[in-house]
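Written out below as structure tokens is the structure these notes cover.
No value in this document is a laboratory result; all are computed from the given coordinates. Note that the structure is predicted; figures quoted are calculated from it, not measured. Cβ atoms come from the backbone with ideal geometry, glycine included; neighbour counts cover every protein chain shown.
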Amino acid sequence: MENESNSSICTSKRSIIARIWPLLVYQASCGFFIGAEFINLIPLSRMIWPNDLYFHSIEMGGMITGRLWTDGIMAIVWGWLIDRFQRKKIIFRGSIFVGIFIFINMFAPIGGGTPNYWFWLINRICIGFFMSQGGPAIYSLGNDFLEKEEKSRFFGLLLITFVIFQFTGMFVGALLFESGYWRVFLLISAGSYFLNATVISRFIKEPKRGIREPKLSQILSTTDARYEYKLNRQTLKSTTFSKSNILVLLEGFSTNLIFGIIDLILLPFMQSEPHNIAPSTTALFQILFSVPGSIIGFIFLAKLSDRIGKKGLKNRVIMVLVSISTAVFTFLMIFSMPWPSLTPEEGANIGMIVQYPIFFFIGSMIFMNSAIIGLYALNQGPIIQELNLPESQGTIRGWNQFIEVASYGSGPLVGGILLQFVGQNYQSTIQFVVLFTIPGILLWVIVYFIIEKDHKRVQDLISSRAVEIKEKYHWNE
């Protein structure tokens, strides 16, 4: 039986940050470690194959894809466990094991070519195995920590925390990899996960499932009553795999495949000939524009999303459509800009780069893109939570994470193959990517017309269960 609490950190009178800050610490650990992966693909390729002058795009893409595919598959298993057992214990143990495998990664050999590559690949797969529990656990806990009208701000804070530490990890990781101290970066990352486990153990109080549902909150918060329903075949079919849920899951494949490809090709595009922008300069460039864009986007769009979303889930669907369409357009603009040719020495000198006015225009595109992508995260998460029962939050997040991670994880591999196919032509690759947005947009349009019916089915089930719980515990309003 879960050791549930309806007080302490989950008390709704406290600020949102006061209730969820341990979850933000977990996001920070993830963001810091993951941030260094993409920006150091070329340096890592050179470390493993020092005698090869070309970028091993397929192998490097395969390493990230291996971790992400493992993450996605295991998320389904973790989601099922999280809906049945204490979430705090699962996320605590997962953090410990992620820290252990990152620590082991410090002893990875380099310079030996393909045999050394297999060590890196297997280690990253092990990291993905345990890292995957974080998404379903945070999703489920967040659903019981926060009121419905706070959900966009919750997902916004998760996004902002991840982005800030992702780009911090990019910058710190780039500096340490460039200077040969990549093991120091891994030591810091491992330590952050051990710290994260300590925070979770000491400061998270397990909330009652369903305590933030308006029809259940009063009885669950004022009595010993518990929401003990478990997902079964009937509710799985009627709610978790409703038409809206299935379409949103399928849309996630299209959208995250795009983001995965772009993340692979954007940074190597900036770092390769003839641009030659150094990894540390690339990270600083991203920090100057991406992080402020995400923060300002959160400040202006989170409360707006909650306010508009409160009037109906259809409004959140519209905001998702605006986000996807605008984000892809700005990416196309970024790759179409006349980037200047630089020597490696010039690319490592931020003072030299800022002398080119075009970089400020590119930066403004990155700024706008970061803000508008946030609109997707601010609304997709609340939509999925509203379409599912309290006992299926971990399960639906597990499936959603599998779809997103499998597609995003395939992005680097697909991007690497596309780059090889078009002869390392980044502009041609991004034109292929634009075509992948069409299925996702069409799926969201269909969701717009059917979402209210599926949402009503979930609310009717919760209403009937509220009556059953009140009768079971002889509760009178």
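Expected output is a single nm value to one decimal: the length gained when fully extending between PHE432 and TRP118, i.e. 0.36 nm times separation in residues minus the C-alpha distance. What is it?
Length gained, PHE432 through TRP118: 110.0 nm.
Could you tell me which label, among [x] 43; [y] 19; [z] 27, carries the value of percent of Cα pairs over 40 Å apart calculated for this structure?
Read-out from the structure maps to [y].
Taking the Cα centre of each part, how many Å lie between segment 215-241 and segment 197-211?
Answer, in whole Å: 19.
May I ask for the distance between the Cα centers of segment 128-181 and segment 277-336, given as a whole number of Å?
16
Students often get this wrong, so check it: of LYS89/LYS311; LYS205/LYS243; LYS151/LYS470, which have C-alpha atoms separated by over 30 Å?
LYS89/LYS311; LYS205/LYS243
I'd like the distance between the alpha-carbon centres of segment 391-432 and segment 101-124, rounded to an integer number of Å.
Using only Cα atoms to place each centre, the spacing works out to 23 Å.
Give the residue from TRP339, GLY416, ILE451 lying farthest towards the positive end of the charge dipole for segment 16-472; charges sit on Cβ (+1 for Lys and Arg, -1 for Asp and Glu) and the dipole is referred to the Cα centre.
So the residue furthest toward the plus end is ILE451.
Mind checking the full-extension length gain between SER341 and ILE17? Use 0.36 nm per residue of separation minus the Cα-Cα distance, one decimal, nm. Write down the numbers at each step before the final one.
Details: separation 324, 0.36 × 324 = 116.64 nm, distance 4.47 nm.
Length difference between fully extended and current span is 112.2 nm.
May I ask which residue of ASN369, GLN385, VAL291 lies farthest towards the positive end of the charge dipole of segment 264-413, with charges of +1 (Lys, Arg) and -1 (Asp, Glu) on Cβ and the Cα centre as origin?
GLN385
Could you tell me which helices of the chain pass both thresholds, a Cα extent of 18 Å or more along their own axis and a mean Kyte-Doolittle hydropathy of at least -0.5, with helices taken as whole DSSP H runs? Write down the numbers at each step before the final one.
Details: long enough: 16-39 (33 Å, 1.40); 57-82 (36 Å, 0.90); 87-105 (27 Å, 1.08); 114-131 (25 Å, 0.71); 151-178 (40 Å, 1.46); 182-203 (32 Å, 1.03); 243-271 (43 Å, 1.29); 279-309 (40 Å, 1.04); 313-336 (35 Å, 1.67); 357-386 (45 Å, 1.10); 393-421 (40 Å, 0.35); 437-472 (50 Å, 0.25).
Those that pass (Cα extent of 18 Å or more, hydropathy at least -0.5) are 16-39, 57-82, 87-105, 114-131, 151-178, 182-203, 243-271, 279-309, 313-336, 357-386, 393-421, 437-472.
In nm, to one decimal, how far is the ASN51 label point from the LYS453 one, both placed 7 Å along Cα→Cβ?
Spacing of the two 7 Å Cα→Cβ label points: 6.5 nm.
Have a look at GLY260, PRO207, ILE219 and report the one farthest towards the positive end of the charge dipole of segment 16-472, computed about the Cα centre with Cβ charges (Lys/Arg +1, Asp/Glu -1).
About the Cα centre, the residue reaching furthest to the positive side is ILE219.
Taking a spot 7 Å from the Cα of GLU178 along the direction of its beta carbon, which residues of segment 329-352 have an amide N less than 11 Å from it?
Answer for segment 329-352: 345-351.
Can you order the peptides 361-372, 249-260, 228-239 by their average number of other Cβ atoms within 10 Å per residue, highest first?
My ranking of the peptides, most packed first, is 249-260, 361-372, 228-239.
So, with +1 on the Cβ of K and R and -1 on the Cβ of D and E, and no other charges, what is the size of the charge dipole of segment 16-472 about its Cα centre, to the nearest 20 debye?
Rounded to the nearest 20 debye, it is 1840 debye.
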